[in-house]
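S.K.: Sharing a structure here in structure tokens format.
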Amino acid sequence: MIELDVISFSLILIIIVGLFYLMLRKIIALHREVSNLNIEISDHERQLVEAAKKARDDSKKRQRAILKGDISEIIAPWALEGVNSVKELRFLGSPIDFIGFNGLDVEGEINIKFIEIKTGKSRLTKDEKRIKEAVEAKRVEWQTIEIKSLPEAVVK
């Protein structure tokens, strides 16, 4: 009976040690996995910080380009050749920047110019190109609209 108890105890002890060993291996594997995940998280955090910095730098560059363009549009009328005075220009802003009426300040014929200001590497937009093509193809018209009387709804 004592032998049976010793054998039973030994078997139980072996089973407990075996389970402990398996649990220890699992804990070590989980620890490695947590370490790897922490490394990945650090890498992602670093990438996120770099991406945010890059986005801020890009935003600053774009803001500067827009600001330079806006300033150029303000200064440009005084630097334009073929315009006698700034009074000959009318600012539109969109879809083109200016319409120039060269010769408007003096008697005689005038020339009408559609003027778009570009700075740096900026290019004509799709609509600006279409307007340029229409002007170059002389698809430009004059239209006078006469209003005889206002409708009553507008007068009230």
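The values are calculated or read from the model by the stated rules, or taken from the named source; none is laboratory data. Bear in mind the structure is a predicted one, so any value in this text is a computation, not a measurement. FYI the Cβ positions are ideal-geometry reconstructions off the backbone, even for glycines, and counts take in every protein chain you see.
S.K.: Would you mention how many residues in region 133-156 are farther than 18 Å from Leu89 by Cβ, assigned to a helix (DSSP H, G or I) and modelled with pLDDT of 90 or more?
M.R.: 3
S.K.: Let me ask something else. Exactly one of these conditions fails for Gly120: (1) under 24 Å from the mean Cα position of the chain (by Cα); (2) at pLDDT 80 or above; (3) surrounded by fewer than 11 Cβ atoms within 10 Å (Cβ to Cβ). Give me its number.
M.R.: Evaluating Gly120 over (1) under 24 Å from the mean Cα position of the chain (by Cα); (2) at pLDDT 80 or above; (3) surrounded by fewer than 11 Cβ atoms within 10 Å (Cβ to Cβ) leaves (2) as the failure.
S.K.: Here is a further query. Is it true that some residue in region 4-16 is among the charged types (D, E, K, R), part of a helix (DSSP H, G or I) and at pLDDT 90 or above?
M.R.: no
S.K.: Starting from region 105-125, keep only residues that are in contact (Cβ under 8 Å) with a residue 40 or more places away in the chain, then list their pairs with residues that are surrounded by 12 or more Cβ atoms within 10 Å (Cβ to Cβ) and assigned to a loop (DSSP other than H, G, I, E, B) whose Cβ atoms are within a distance under 7 Å, requiring at least 6 positions of separation or different chains.
M.R.: Partner pairs satisfying both residue conditions: Ile117/Asp97.
S.K.: Would you point out which residue out of Ala52, Ala65 is of a type outside the set (Val, Ile, Thr) and closer than 30 Å to Lys118 by Cβ? Don't jump to the end; show me each part of the working.
M.R.: Working: Ala52 fails: closer than 30 Å to Lys118 by Cβ.
Just one listed residue meets the conditions, Ala65.
S.K.: While we're here: Would you mention how many residues in region 99-117 are part of a loop (DSSP other than H, G, I, E, B) and at pLDDT 80 or above?
M.R.: First, pick out the residues of region 99-117 that are part of a loop (DSSP other than H, G, I, E, B): 103-110, 116-117.
Still in the running and at pLDDT 80 or above: 103-104, 106-110, 116-117.
Total meeting the criteria: 9.
S.K.: Taking the condition of being loosely packed, with under 11 Cβ neighbours inside 10 Å and under 26 Å from the mean Cα position of the chain (by Cα), how many residues in region 90-117 meet it? Show your work before the answer.
M.R.: Within region 90-117, the subset loosely packed, with under 11 Cβ neighbours inside 10 Å is 93-94, 107-109.
The next check asks that each one be under 26 Å from the mean Cα position of the chain (by Cα); those that pass are 93-94.
Total meeting the criteria: 2.
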